[in-house]
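The values are calculated or read from the model by the stated rules, or taken from the named source; none is laboratory data. Computed from a predicted model, the values in this text were never measured in an experiment. No Cβ is skipped: glycine too gets one built from the backbone with ideal geometry, and neighbour counts run over all protein chains shown.
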Ligand code: MLT
């Protein structure tokens, strides 16, 4: 398999029993951004952290948007497939199991798109501040896939109704969705990390 051209970091596991994490940063982040978060919520787990390839000015993202909250859905599909191919490559390169995606904001949205298009690429996903990435996805079988969604009730970027739409879509596709709505905005809080760590431990 040839290497897909995602700049990325890989941290090998120190605890072979911990599920590997696929860390997906938000707009303007990079492959180093969520390594600390990954270590905090899943000590000893292998960490695979790519940098989004779409540039919005100087800010890396995982897919193109036309405006805030308005996505170029053709690009979402193409980039989700490309990321799933990267995960397949990384699994064979680094000898890891299917990872659990942990995405923040734009990273959570691409993780949701991978779940909806290439469900076998992931063992589950923690979606921190996600919204619906595809308005009319093809039906998909997510039976049993664990998904955590954590949103903020005063998030100026993500209307709760949109997050609810995604939760409904994933649930109807068979995913085991755990939802939390925090009294907070778009930025991550300590509570997000505690919730994600507890959820990962339980799966
Ligand atoms: C997105 O574009 O994916 C969402 O609006 C979140 C963001 O990255 O600002």
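Does residue 22 count as surrounded by 23 or more Cβ atoms within 10 Å (Cβ to Cβ), free of Cβ contacts under 8 Å to residues at least 60 places away in the same chain, under 20 Å from residue 81 (Cα atoms) and under 14 Å from the mean Cα position of the chain (by Cα)? Taking the combined requirement at face value, the residue does not satisfy it. Among the numbered conditions (1) within 20 Å of residue 172 (Cβ to Cβ); (2) in contact (Cβ under 8 Å) with a residue 12 or more places away in the chain, the only one that residue 129 does not meet is (1).
Of the residues contained in region 171-187, one or more are found to be at pLDDT 95 or above, away from the ligand (no atom under 14 Å from the Cβ), closer than 15 Å to residue 130 by Cβ and assigned to a helix (DSSP H, G or I). Would you point out which residue out of 141, 155, 162 is within 16 Å of the ligand (Cβ to nearest atom), touching a residue at least 12 places away in the same chain (Cβ under 8 Å) and surrounded by fewer than 19 Cβ atoms within 10 Å (Cβ to Cβ)? One residue alone meets the criteria, 162.
If you scan region 182-201, which residues turn out to be more than 14 Å from residue 41 (Cβ to Cβ) and in contact with a helix residue (DSSP H, G or I) (Cβ under 7 Å, 6 or more places away or on another chain)? Reasoning before the result, please.
In the first step, residues of region 182-201 are kept if they are more than 14 Å from residue 41 (Cβ to Cβ); the result is 182-187.
182, the sole residue that qualifies.
Taking residue 97 as the residue in question, decide whether it is surrounded by fewer than 20 Cβ atoms within 10 Å (Cβ to Cβ), within 26 Å of residue 35 (Cβ to Cβ) and in contact with a helix residue (DSSP H, G or I) (Cβ under 9 Å, 6 or more places away or on another chain). Walk me through how you get there before you give the answer.
On the way: surrounded by fewer than 20 Cβ atoms within 10 Å (Cβ to Cβ): yes; within 26 Å of residue 35 (Cβ to Cβ): yes; in contact with a helix residue (DSSP H, G or I) (Cβ under 9 Å, 6 or more places away or on another chain): yes.
It is true that residue 97 is surrounded by fewer than 20 Cβ atoms within 10 Å (Cβ to Cβ), within 26 Å of residue 35 (Cβ to Cβ) and in contact with a helix residue (DSSP H, G or I) (Cβ under 9 Å, 6 or more places away or on another chain).
For region 57-109, taking the residues that are closer than 26 Å to residue 13 by Cα and without any contact (Cβ under 8 Å) to a residue 24 or more places away in the chain, the one that is farthest from the ligand (Cβ to nearest atom) is identified as 95.
Which of the residues that make up region 45-70 are surrounded by 13 or more Cβ atoms within 10 Å (Cβ to Cβ) and part of a strand (DSSP E or B)? Of everything in region 45-70, those that are surrounded by 13 or more Cβ atoms within 10 Å (Cβ to Cβ) and part of a strand (DSSP E or B) turn out to be 47, 48, 49, 50, 54, 56, 59, 60, 61, 65. Residue pairs whose Cβ atoms lie under 6 Å apart, separated by 6 or more positions or on different chains, with the first residue in region 174-186 and over 11 Å from residue 126 (Cα atoms) and touching a residue at least 60 places away in the same chain (Cβ under 8 Å) and the second assigned to a loop (DSSP other than H, G, I, E, B) and within 16 Å of the ligand (Cβ to nearest atom), are 186/129; 186/155; 186/157.
For residue 5, the criteria (1) over 25 Å from residue 162 (Cα atoms); (2) modelled with pLDDT of 95 or more; (3) assigned to a loop (DSSP other than H, G, I, E, B) hold in every case but one, which is (2).
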